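Shown next, in structure tokens, is the structure this report addresses.
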Amino acid sequence: MKIAVTGGAGYIGSRLCSRLLDMGYDVVCIDWLKWGIEPVLHIVDHPRFHLHCVDIRTPAVEPLVRDADAVIHLAGIIGFPACNAEPDLAYHINVEGTKRVIDASTGLFVYASTGSVYGDLNSVCTENVDTNPLSTYAEYKLRGEEYLCGTNAVILRPATAFGISNRLRTDLLINDFTRRAIFERKLELFEGHFKRTFLSVNDLVRAFEWGVTYHDTMSGEVWNVGDRSLNLTKLDIANVIKEYIDYELIVNDAIKHDQDARNYFVDYSKIENIGFYAEETVDSGIRTLIQVYNNLTQQRHYQ
């Protein structure tokens with residue numbers, strides 16, 4: 001079986017490509033390589049790995065996805081800050097590029113949406129509640145869901161990712177908080193009472209692989225992807241980090257910053273019912289991040 005992964009050299013994609021290869025699939029990695037080829041260098045010589053430096057906005061992507069038995073669509077400008085920084089690019093990639101990929105695909109389809117489509121609901125979110133996207137990032141992700149309405153696609157709304165990957169992201173909340181605690185020894189926390197759900201990058205990779213493996217069960221539906229045990233407030237995260245790092249924590253709830261206004265607990269009973277649970281905890285993820293950041297500090301010392 002041949003699986004095309006758009007954004008295959010990204011934070012989730014690079015780990016996902018490795019997992020799919022380990023499971024015996026042929027993998028077509030489609031990525032514009034904005035962050036370089038390094039995230040997939042460890043697999044670039046694998047006989048079943050096929051790397052294509054292609055922008056999903058261009059017609060060049062169409063035969064690649066058309067020829068695949070399944071497509072996992074991860075490519076996009078991720079998060080509201082990145083979308084706000086380059087609004088035209090975000091629209092062309094997240095909306096027009098996504099539509100191009102969807103229209104060209106002929107096999108199984110797994111779509112990476114986002115929990116940000118829930119917005120400021122201040123409630124427990126099942127897949128059936130009305131969405132309330134507040135940022136263009138969330139709006140564009142919801143547009144992709146709408147393009148897939150009535151198809152057999154698997155639509156995943158993941159929790160906020162954390163952890164180490166081949167393409168390290170320091171902007172994700174847990175990764176960022178841990179980095180600041182280590183390098184700045186200080187963290188000013190806004191909206192600390194806001195609730196959010198988190199999931200390790202490795203568990204997210206499993207979820208996208210499940211979208212193919214269990215496609216018959218999951219097709220044509222929306223799935224919240226996470227684990228109820230990882231529903232936490234931002235202050236909860238800061239306090240977990242404080243168990244391992246001595247840093248100054250300043251709580252300032254007068255500051256409002258999160259345009260997506262993510263403040264909700266998500267119900268994951270639907271995906272739990274088919275056997276999906278998190279294998280990694282926030283605590284274990286933070287300890288791994290600390291190990292990586294501390295070694296980066298040591299590396300700088302020797303340079």
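Quick look at the values:
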{"quantity": "Filtered residue count, the stretch 135-170, keeping only those that are within 22 Å of ALA278 (Cα to Cα) and among the charged types (D, E, K, R)", "calculated": "3"}
{"quantity": "Criterion violated by GLU191 - all others in (1) of a type in the set (Asp, Glu); (2) in contact (Cβ under 8 Å) with a residue 40 or more places away in the chain; (3) surrounded by fewer than 19 Cβ atoms within 10 Å (Cβ to Cβ) satisfied", "calculated": "(3)"}
{"quantity": "Qualifying position, being touching a residue at least 12 places away in the same chain (Cβ under 8 Å), in a strand (DSSP E or B) and under 19 Å from ALA90 (Cα atoms), among ILE56, ILE30", "calculated": "ILE30"}
{"quantity": "Count of the stretch 160-207 residues which are assigned to a loop (DSSP other than H, G, I, E, B) and closer than 30 Å to ASN128 by Cβ", "calculated": "6"}
{"quantity": "Residue list for the stretch 13-27, filter: over 16 Å from the mean Cα position of the chain (by Cα), crowded, with 22+ Cβ neighbours inside 10 Å and in a helix (DSSP H, G or I)", "calculated": "LEU20"}
{"quantity": "Long-range neighbours under 7 Å by Cβ, at least six apart or interchain, first residue over 27 Å from LYS141 (Cα atoms) and modelled with pLDDT of 95 or more within the stretch 224-253, second hydroxyl-bearing (Ser, Thr, Tyr) and outside any strand (DSSP E or B)", "calculated": "ILE241/THR178"}
{"quantity": "Contacts under 7 angstrom Cβ, first residue in the stretch 69-96 being exposed (fewer than 14 other Cβ atoms within 10 Å of the Cβ), partner assigned to a helix (DSSP H, G or I), 6 or more apart", "calculated": "PRO87/THR136"}
{"quantity": "Scan of the stretch 130-159 for residues that are under 16 Å from ILE271 (Cα atoms) and either in a loop (DSSP other than H, G, I, E, B) or not charged (D, E, K, R) (or both), ordered by number", "calculated": "ALA153, VAL154, ILE155, LEU156, PRO158, ALA159"}
{"quantity": "Unique residue being surrounded by fewer than 20 Cβ atoms within 10 Å (Cβ to Cβ) and either touching a residue at least 40 places away in the same chain (Cβ under 8 Å) or in contact with a Phe, Trp or Tyr (Cβ under 7 Å, 6 or more places away or on another chain) (or both) when the list is LEU168, LEU142, LEU156", "calculated": "LEU168"}
{"quantity": "Residue list for the stretch 118-129, filter: part of a strand (DSSP E or B) and either out of contact with any strand residue (DSSP E or B) (no Cβ under 9 Å at 6 or more places or on another chain) or surrounded by fewer than 17 Cβ atoms within 10 Å (Cβ to Cβ) (or both)", "calculated": "VAL124"}
{"quantity": "Unmet requirement for ASN128, which otherwise passes all of (1) under 28 Å from ALA238 (Cβ atoms); (2) out of contact with any helix residue (DSSP H, G or I) (no Cβ under 9 Å at 6 or more places or on another chain); (3) without any contact (Cβ under 8 Å) to a residue 40 or more places away in the chain", "calculated": "(1)"}
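The values are calculated or read from the model by the stated rules, or taken from the named source; none is laboratory data. Computed from a predicted structure; not experimentally measured. All Cβ positions, even for glycine, are placed from backbone atoms using ideal geometry, and neighbour counts span all protein chains on display.
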